[in-house]
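> Below you'll find the structure I mean.
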Amino acid sequence: MTDKTNNNELPEIDQAHDKTDAQLAEQELTENLQVADYANAEDFILASDDDSEDELDETDAEDGSAAVDTDQIKIEVNEALAKKLIQTANAVLEGEHIVHNPGSIFGQLAKPELTIPKEIFLLPVKERPFFPGQQLPVLLNKENWGETYEAIKANKCKYIGIIFVNTDNHDKALPSDFSRMGTLVKIHDPKVKEDYIQLIAEGVKRFDIENWISGKAPYRAQVNYPKDIIDGSEQEFKAYGLAIMNAFRELLPLNPLYSEELKYFLNRYSASEPSQLADFAASLTTAENDKLQEVLETLSLSERMEKVLTLFKQEIEVTKLQFNIRERVEENLSEHQRDFFLRQQLNEIQKELGMIKDDQTLDTDRFRERIEKLTLSEEATKKAEEELNKLNMLDPQSPEYNVARNWLDWLTQLPWGKHSEDLLDLKRAKKVLDKGHDGLEDVKDRILEFLAVGALKGEVSGSIICLVGPPGVGKTSIGRSIAESLGRKFYRFSVGGMRDEAEIKGHRRTYIGAMPGKFVQALKDCETANPVIMLDEIDKIGASFQGDPASALLEVLDPEQNHEFMDHFMDIRFDLSKALFVCTANTLDTIPGPLLDRMEVIRLSGYITEEKLQIAKHHLWPTLLEEAGLSKEQVQITPAAIRHVIEGYARESGVRNLKKQLAKLVRKLALKFVTTDLKSTKIHVNELEEMLGQPRFTPEKINQQVGTVTGLAWTSMGGATLTIEASRVHTLNRGFKLSGQLGDVMQESAGIAYSFISSNLDKYKADPEFFDKAFVHLHVPDGATPKDGPSAGVTMATALLSLARDEAIKTPLAMTGELSLTGLVLPVGGIREKVIAAKRIGIKELILPEDNRKDYQELPGYLQEGMTVHFAKHFDEVARLTFNVRSKSLALKTYLAQKAAEEEISTQH
């Protein structure tokens, strides 16, 4: 019965106990806030429990009821109440309950001045503003903030202010750098390490700085705590809150990290609290600092939530973009990984079934199969076997494996024992040469002679031909025609400007990225051991610290050595003796002597007007029309117009510039066909100036004045004419001056001419005292062009003799030849080019050295036609051809008359 009675009464006791505890707690706070006297909330709860226990004892005694287990009642009845009271009392002591629950009894009864400090230490931050409700770890540099921390510790401060400063040196910030508003934070779990101080900061509420107590570290100020301005209806705040929560729902699938933040928020606050929700949402965004600070300083709740919602929408767009990019990258990676694993599985299955071999076995089998089809030399066979054995032993991932594999790849792609069959039909060869070239008959004959020797022998052995001539005369195209006439593969590369020996003989295999030289590459590309290999611009080959390519070519271009040519990369001998080498150059002067000695030189001296006319009609004009999409019926040009273009716009030895001028005509006509209703047209001479402008060259006239003589010169651009001028400046003293950018050799030739004529004035019936009194100036136009060489010696002597005789040459002619001090006329080079230059300007009479007679006689008939050529051994013959040296000159007659007059005057005296 007792048990039953007690059990029935127990709920009433529990209710009374609960009621008593709550009443006691509120009574204690209402009277004098005795809670503040206790060390913590637990002491407060224990004290409340003791009072309750005493009251229960008294009640039981008065009621006379049976004794009750008070300890058991406290455990069962007070556990939930105790927890709630502990949390609430702690909040009262620390001020949080007032912030988060201002309407509760504790919030109403607690005095603000006892909970929230009016003076706080300030901690400036530069990363981003801190918001109420945030809880983040803070790391402080001990060197900069140690003094501030000690001050906080000494004052037993539980609260500090975190405020944003817009400066990099936040530890030295001035009061003017601080933002207007910051966040009061509670400090949790501070820890002092060796180099830094760590603490947990929990945002409590906003504050404004009223007055500065300390404007330098440790910063301290008097602050006030502004209240939120509630300027909207509950429905409006609810709508804003729903909009922010919907934004959260959009963000959660895109970034899982937001879910943890949201759980933390909902555990502490309600989603219906607009102020906390706005601050929390703003703290999650990655917006700019000034935007976040603006949200922090906005006290109007509706305006703050609107700004936060705008920032949140921007955050969603950025996060979506990041998510899409990440998704695409992961998708691509997943596809590649899937393909990789499937291929690996397929390879393993095929290996197990014997359907496929690994890469190492495949490489070895492929190289052995290639070697079986080739006719390797004994040395190459031995070396290949060594490399194959090495390939089998090496790890495919090792660098040496790739070096050996690369070497075997090159070795097995060279044309060992493969030769193309020569087409030694001379008639066919002549047709090929005539088809591609007009003129150059002597060059074609030389090539046919070369092929004829091969026809008799049964094969064209390896030879080295050097085609020398000015630019644009067709050297490269002739080399291509040689290959076509023989039926061989053609490979061309330029050595102009080449400075590295490795370009010729390859790099050694020890270097990373090593490759064979150009000749091994040519053999690989042509796939035959007897191609025609053209070395373009061999006169412009260079030299440097990396080696001398010209010296490296000596082995290649020597028929006695190139049958054992060894490339540095291959390091085995290969036979190049069956290859035909064709070199091209503009001049032989810069080609090293030993290299030039190995070549058979064929000169291409340039074209005269008639040859250019035929080339333009048969080759250049049809090609240009075809490239422009025009037909011969649409556009025609008269031979006279072509001739005018040649003589007025393209007088060079080659035809490259002629092609450019004709191409310009075609472009002008193409524009007319497109923009007008023009159907067909024909170009005449009188239309050229409108289309091409004024002619660059004017017809040259022979200048037959006293002291003026036309000479012939050779340049890398072909032959040219030089008008040499001599003039007496004054008779005050003897002197001799030169101008016209003359080189050393040409200046010496002028000195020899001056000395020779000065010492032989009597012999040539000139004024014997002319040079004793005259200051003579000799000029070679044009002054901007450098000139050198001995071939103008005879011309300069003739100009000086003309000046001394005061008599012009008797017929318009041109001359060339070196003059010795005894008056001998020595041979010179470039006779063909000089003859062409004379014919180009209409000079038909020439004086050449006797020793050049054979060179002139070797010229084709069309060049000799219409020319009168005199060959001279001594200057006496030149003087007889240019002056009437048997009769006294006008200058001598004047001199003798003056002498006679002077003698007559002296006799009279």
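The values are calculated or read from the model by the stated rules, or taken from the named source; none is laboratory data. Note that the structure is predicted; figures quoted are calculated from it, not measured. Methodologically, a virtual Cβ is constructed for each residue, glycine included, from the backbone with ideal geometry; neighbour enumeration extends over all protein chains shown.
> Failed condition for Met746, given (1) out of contact with any strand residue (DSSP E or B) (no Cβ under 7 Å at 6 or more places or on another chain); (2) aliphatic (A, V, I, L, M); (3) closer than 17 Å to Leu821 by Cα, with all others met?
All conditions pass for Met746, except number (1).
> Would you check which residues across the stretch 788-810 are in contact (Cβ under 8 Å) with a residue 60 or more places away in the chain and in a loop (DSSP other than H, G, I, E, B) and list them?
Gly789, Ser791, Ala792, Asp806, Glu807, Ala808, Ile809, Lys810 - these are the residues of the stretch 788-810 that are in contact (Cβ under 8 Å) with a residue 60 or more places away in the chain and in a loop (DSSP other than H, G, I, E, B).
> When you go through Glu150, Glu143 one by one, which is the residue that is over 55 Å from the mean Cα position of the chain (by Cα) and of a type in the set (D, E, K, R)?
Only one candidate qualifies: Glu150.
> So if I check each of Glu633, Glu687, which one is under 30 Å from Ile841 (Cα atoms), at pLDDT below 90 and not aromatic (Phe, Trp, Tyr)?
Glu687
> Taking helices (runs of 4 or more DSSP H) that do not extend beyond the stretch 827-909, which have at least 1 residues that are over 28 Å from Pro768 (Cα atoms)?
Fully inside the stretch 827-909 and qualifying: 831-840, 853-857, 861-864.
> In the stretch 104-214, which helices (runs of 4 or more DSSP H) lie fully inside it and hold 1 or more residues that are at pLDDT 80 or above?
The helices (runs of 4 or more DSSP H) meeting that bar are 142-154.
> Could you identify the single residue in Ala784, Ala774, Ala804, Ala792 that is of a type in the set (A, V, I, L, M, F, W, C), under 21 Å from Asp744 (Cβ atoms) and either surrounded by 15 or more Cβ atoms within 10 Å (Cβ to Cβ) or not assigned by TED's automatic domain parsing to the domain that holds Phe736 (or both)?
Within the list Ala784, Ala774, Ala804, Ala792, the selection yields Ala792.
> Something else now. Out of the stretch 531-557, which residues are in contact (Cβ under 8 Å) with a residue 12 or more places away in the chain, part of a loop (DSSP other than H, G, I, E, B) and out of contact with any helix residue (DSSP H, G or I) (no Cβ under 9 Å at 6 or more places or on another chain)?
Listed by number, the residues that qualify are Glu537, Asp548.
> When both residues are 6+ apart or on different chains and their Cβ atoms are under 8 Å apart, which pairs have a first residue that lies in the stretch 312-341 and is closer than 29 Å to Ser283 by Cα, and a second that is not aliphatic (A, V, I, L, M)?
So the pair list comes out as Phe312/Thr285; Gln314/Thr285; Glu315/Thr285; Glu315/Thr286; Ile316/Glu250; Val318/Thr286; Thr319/Asn255; Phe323/Asn255.
> Tell me whether the stretch 425-436 contains one or more residues that are within 45 Å of the chain's Cα centre (by Cα), within 17 Å of Ile602 (Cα to Cα) and either crowded, with 18+ Cβ neighbours inside 10 Å or not assigned by TED's automatic domain parsing to the domain that holds Leu588 (or both).
So far as the stretch 425-436 goes, yes, one or more of its residues are within 45 Å of the chain's Cα centre (by Cα), within 17 Å of Ile602 (Cα to Cα) and either crowded, with 18+ Cβ neighbours inside 10 Å or not assigned by TED's automatic domain parsing to the domain that holds Leu588 (or both).
> To continue, here is another question. Can you tell me which residue in the stretch 713-728 is nearest to Pro781 (Cα to Cα), limited to those that are in contact with a strand residue (DSSP E or B) (Cβ under 6 Å, 6 or more places away or on another chain), of a type in the set (A, V, I, L, M, F, W, C) and at pLDDT below 90?
Only one residue fits best here, namely Leu722.
> Note down all Cβ pairs under 8 Å where the first residue falls in the stretch 742-755 and is over 15 Å from Glu725 (Cα atoms) and β-branched (Val, Ile, Thr), the second is loosely packed, with under 13 Cβ neighbours inside 10 Å and modelled with pLDDT of 90 or more, and they're at least six residues apart or on different chains.
Listed pairs, sorted by first residue: Ile752/Leu821.
Let's see how each residue does on (1) over 60 Å from the mean Cα position of the chain (by Cα); (2) of a type in the set (S, T, N, Q); (3) assigned by TED's automatic domain parsing to the domain that holds Asp445; (4) under 19 Å from Val709 (Cα atoms):
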{"site": "Leu859", "(1), (2), (3), (4)": "no, no, no, no"}
{"site": "Gly866", "(1), (2), (3), (4)": "no, no, no, no"}
{"site": "Arg880", "(1), (2), (3), (4)": "yes, no, no, yes"}
{"site": "Lys888", "(1), (2), (3), (4)": "yes, no, no, no"}
{"site": "Gln898", "(1), (2), (3), (4)": "yes, yes, no, no"}
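> Confirm whether Thr587 is modelled with pLDDT under 90, closer than 28 Å to Arg492 by Cα and of a type in the set (Val, Ile, Thr).
yes
> For Asn852, work out the one condition from (1) surrounded by fewer than 19 Cβ atoms within 10 Å (Cβ to Cβ); (2) over 21 Å from Val706 (Cβ atoms) it doesn't fulfil.
Condition not satisfied by Asn852: (1).
> Same structure, new question: Is at least one residue of the stretch 663-679 in contact (Cβ under 8 Å) with a residue 12 or more places away in the chain and polar (S, T, N, Q)?
no
> For the stretch 506-524, indicate whether the set of residues that are outside any helix (DSSP H, G or I), over 27 Å from the mean Cα position of the chain (by Cα) and buried (at least 22 other Cβ atoms within 10 Å of the Cβ) is non-empty.
no
> Test Ala663 against the stated conditions and say whether it is hydrophobic (A, V, I, L, M, F, W, C) and under 30 Å from Ala720 (Cβ atoms).
yes
> Please determine, by comparing only the residues of the stretch 433-485 that are under 17 Å from Ile615 (Cα atoms) and among the charged types (D, E, K, R), which one is modelled with the highest pLDDT.
Residue satisfying both the conditions and the ranking: Lys475.
> Going through the stretch 567-616 one residue at a time, which ones are of a type in the set (Ser, Thr, Tyr) and either in a helix (DSSP H, G or I) or buried (at least 20 other Cβ atoms within 10 Å of the Cβ) (or both)?
Passing the criteria: Thr584, Ser605, Tyr607, Thr609.
> Checking the condition part of a loop (DSSP other than H, G, I, E, B), under 15 Å from Pro531 (Cα atoms) and assigned by TED's automatic domain parsing to the domain that holds Val532, which residue from Arg488, Arg480, Arg492 passes?
The unique qualifying residue is Arg488.
> Residues of the stretch 716-734 being touching a residue at least 60 places away in the same chain (Cβ under 8 Å) and more than 15 Å from Thr882 (Cβ to Cβ), which ones?
Answer for the stretch 716-734, where residues must be touching a residue at least 60 places away in the same chain (Cβ under 8 Å) and more than 15 Å from Thr882 (Cβ to Cβ): Ser716, Met717, Gly718, Gly719, Ala720, Thr721, Leu722, Glu725, Ser727, Arg728.
> Do you know which residues across the stretch 668-698 are of a type in the set (Ser, Thr, Tyr), in the same structural domain as Ala628 (by TED's automatic domain parsing) and in a loop (DSSP other than H, G, I, E, B)?
Thr676, Ser680
> Right, something else. What's the number of the only condition in (1) farther than 30 Å from Gln661 by Cα; (2) part of a loop (DSSP other than H, G, I, E, B) that Lys427 fails to meet?
All conditions are met except number (2).
> Moving to a separate point now. Tell me which residues, restricted to the stretch 391-400, are outside any loop (DSSP other than H, G, I, E, B) and either surrounded by fewer than 16 Cβ atoms within 10 Å (Cβ to Cβ) or modelled with pLDDT of 85 or more (or both).
Asn392, Met393, Pro399, Glu400
> Restricting attention to the stretch 442-477, report how many residues are closer than 27 Å to Gln857 by Cβ and part of a loop (DSSP other than H, G, I, E, B).
5
> Hey, another quick one. For the stretch 173-186, name all the residues that are more than 49 Å from the chain's Cα centre (by Cα), crowded, with 18+ Cβ neighbours inside 10 Å and free of Cβ contacts under 8 Å to residues at least 60 places away in the same chain.
Val185 - this is the single residue of the stretch 173-186 that is more than 49 Å from the chain's Cα centre (by Cα), crowded, with 18+ Cβ neighbours inside 10 Å and free of Cβ contacts under 8 Å to residues at least 60 places away in the same chain.
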